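Novice: Let me begin by handing over the structure; questions about it come next.
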Amino acid sequence: MGSEETVDEYIERLVAIMRAVRRVLTDDGTLWINIGDCYTSGGRTWRAPDRKNPARAMDYRAPTPNGLKPKDLVGVPWRVAMALQEDGWYLRSDIIWHKPNALPESVKDRPTQAHEYIFLFSKAEQYFYDYQAVREPGANGRARNRRSVWSVPTEAYAEAHFATYPPQLIVPCVLAGSATGDSVLDPFFGAGTTGLVAAEHDRRFIGIELVWEYIEMARRRLAERGIFFDAHRAS
């Protein structure tokens, strides 16, 4: 995932994976997807490392998608959201993850990007959503319904050479989308952030990850917090 030659192929793969997720999701369950956007490559076939973020280096750049121009913002999040909606998911909310400590960009012809999207989907028209568990402080100190802009600083995990989302970004998703004792599934487990948050809030978790190195990383990370899990290779 993520190294496809076309954006359409990427979206098709992601929709297929989420279709499999929907098959095992409870009828009143929800799906939360965090996804960022990107720009067309402008004809470049690679991306140089950024001095502040060496992990940005890539040895390839996908060609400019049909219908787009060099330097266009691709609009990946909304393309994915519309494709999932067309595939049967209920699109319930778009949430802006505002990054107050976003990395600077060496651009002078547009604003620096400091946000990503989180989309809330449901399997059915009626679904479980615990709004009281995720209320936020409002005027005069009174709790109010959570708003759709979440300001959460990014956090680096030293062992991971790939991007990991901060645990505080996932807490509202877990608390609103599940009850104590429920199971949370993450089909892109990575360094185990979702499992960590789920376990610390008395939920069970199932993670799926193709790279065994990442599974061992997640095992060590969670063990440091007293959380242990069994891992099995797919046959």
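Novice: What number of residues within the range 112-121 are in a loop (DSSP other than H, G, I, E, B) and touching an Asp or Glu at 6+ places or on another chain (Cβ under 9 Å)? Write out each step before concluding.
Specialist: Kept after step one, since they are in a loop (DSSP other than H, G, I, E, B), are these residues of the range 112-121: 112-114.
With the extra rule that they be touching an Asp or Glu at 6+ places or on another chain (Cβ under 9 Å), the set shrinks to 112-113.
Qualifying residue count, the range 112-121: 2.
Novice: Being more than 26 Å from Val76 (Cα to Cα) and within 20 Å of the chain's Cα centre (by Cα): is that true of Glu159 here? Reasoning before the result, please.
Specialist: Working: more than 26 Å from Val76 (Cα to Cα): yes; within 20 Å of the chain's Cα centre (by Cα): yes.
Considered against the rule, which asks whether it is more than 26 Å from Val76 (Cα to Cα) and within 20 Å of the chain's Cα centre (by Cα), Glu159 comes out as yes.
Novice: Also, quick follow-up: For residues in the range 202-235 being surrounded by fewer than 17 Cβ atoms within 10 Å (Cβ to Cβ) and of a type in the set (Gly, Ala, Ser), which is nearest to Val184 (Cα to Cα)?
Specialist: Ala231
Novice: Next question, about the same structure. Looking at Ala133, is it of a type in the set (A, V, I, L, M, F, W, C), assigned by TED's automatic domain parsing to the domain that holds Ile95 and loosely packed, with under 13 Cβ neighbours inside 10 Å? So that I can check it myself, show each step before the final result.
Specialist: Working: of a type in the set (A, V, I, L, M, F, W, C): yes; assigned by TED's automatic domain parsing to the domain that holds Ile95: yes; loosely packed, with under 13 Cβ neighbours inside 10 Å: no.
So Ala133 does not fit the description; no.
Novice: Still on this model: Tyr90 is checked against (1) within 24 Å of Thr193 (Cβ to Cβ); (2) at pLDDT 95 or above; (3) touching a strand residue (DSSP E or B) at 6+ places or on another chain (Cβ under 9 Å) and fails just one. What number does that condition carry?
Specialist: Here Tyr90 meets the rest and fails (1).
Novice: Among what's in the range 138-196 and is in a loop (DSSP other than H, G, I, E, B) and of a type in the set (D, E, K, R), pick the residue that is surrounded by the fewest Cβ atoms within 10 Å (Cβ to Cβ). First the steps, then the outcome.
Specialist: Filtering the range 138-196 down to residues in a loop (DSSP other than H, G, I, E, B) leaves 138, 142, 145-148, 152-166, 178-182, 187-192.
Adding the requirement that they be of a type in the set (D, E, K, R) leaves 142, 146-147, 155, 159, 182.
On the way: Arg142: 8, Arg146: 17, Arg147: 10, Glu155: 13, Glu159: 14, Asp182: 17.
Ranking the candidates gives Arg142 first.
Novice: For the range 166-178, does any single residue satisfy the condition of being in contact with a Phe, Trp or Tyr (Cβ under 8 Å, 6 or more places away or on another chain) and more than 28 Å from Ala102 (Cα to Cα)?
Specialist: Scanning the range 166-178, I find at least one residue that is in contact with a Phe, Trp or Tyr (Cβ under 8 Å, 6 or more places away or on another chain) and more than 28 Å from Ala102 (Cα to Cα), so the answer is yes.
Novice: From the list Val76, Val134, Val152, which residue is among the β-branched types (Val, Ile, Thr), more than 21 Å from Thr194 (Cα to Cα) and within 19 Å of the chain's Cα centre (by Cα)?
Specialist: Numbers: Val134 fails: more than 21 Å from Thr194 (Cα to Cα); Val152 fails: more than 21 Å from Thr194 (Cα to Cα).
Result: Val76 is the single residue among Val76, Val134, Val152 that is among the β-branched types (Val, Ile, Thr), more than 21 Å from Thr194 (Cα to Cα) and within 19 Å of the chain's Cα centre (by Cα).
Novice: On to the next question. How about the range 86-125: which of its residues are within 11 Å of Thr30 (Cα to Cα), surrounded by 10 or more Cβ atoms within 10 Å (Cβ to Cβ) and not hydroxyl-bearing (Ser, Thr, Tyr)?
Specialist: Those that are within 11 Å of Thr30 (Cα to Cα), surrounded by 10 or more Cβ atoms within 10 Å (Cβ to Cβ) and not hydroxyl-bearing (Ser, Thr, Tyr): Trp89, Leu91, Arg92, Phe119, Leu120, Phe121, Lys123, Ala124.
Novice: Here are Ala143, Ala102, Ala124: which of them is touching a residue at least 40 places away in the same chain (Cβ under 8 Å) and closer than 23 Å to Val171 by Cβ? So that I can check it myself, show each step before the final result.
Specialist: Numbers: Ala143 fails: touching a residue at least 40 places away in the same chain (Cβ under 8 Å); Ala124 fails: closer than 23 Å to Val171 by Cβ.
None of the others qualify; the one that does is Ala102.
Novice: Within the range 54-74, which residues are within 18 Å of Asp8 (Cβ to Cβ) and either modelled with pLDDT of 65 or more or surrounded by 13 or more Cβ atoms within 10 Å (Cβ to Cβ) (or both)? Don't jump to the end; show me each part of the working.
Specialist: Within the range 54-74, the subset within 18 Å of Asp8 (Cβ to Cβ) is 60-69, 72-74.
Of everything in the range 54-74, those that are within 18 Å of Asp8 (Cβ to Cβ) and either modelled with pLDDT of 65 or more or surrounded by 13 or more Cβ atoms within 10 Å (Cβ to Cβ) (or both) turn out to be Arg61, Ala62, Pro63, Thr64, Pro65, Asn66, Gly67, Leu68, Lys69, Asp72, Leu73, Val74.
Novice: Restricting attention to the range 115-140, which residues are modelled with pLDDT under 95 and among the aliphatic types (A, V, I, L, M)?
Specialist: If the condition is that a residue be modelled with pLDDT under 95 and among the aliphatic types (A, V, I, L, M), then Ala139 is the only one that fits.
Novice: Any residue that is touching a strand residue (DSSP E or B) at 6+ places or on another chain (Cβ under 7 Å), at pLDDT 80 or above and not in a helix (DSSP H, G or I) - is there at least one of those in the range 37-47? Full working, then the answer.
Specialist: Of the range 37-47, the ones touching a strand residue (DSSP E or B) at 6+ places or on another chain (Cβ under 7 Å) are 37, 39, 46-47.
When the remaining residues are screened for being at pLDDT 80 or above, the result is 37, 39.
Pick out the ones that are also not in a helix (DSSP H, G or I) and you get 37, 39.
For the range 37-47, residues touching a strand residue (DSSP E or B) at 6+ places or on another chain (Cβ under 7 Å), at pLDDT 80 or above and not in a helix (DSSP H, G or I): present.
Novice: Could you say whether any residue in the range 174-190 is at pLDDT below 95, closer than 26 Å to Pro77 by Cβ and not aromatic (Phe, Trp, Tyr)?
Specialist: yes
The values are calculated or read from the model by the stated rules, or taken from the named source; none is laboratory data. Bear in mind that the values here come from a model prediction, so they are computed numbers and not experimental data. So basically every Cβ, Gly included, is an ideal-geometry build from the backbone, and we count neighbours across all protein chains shown.
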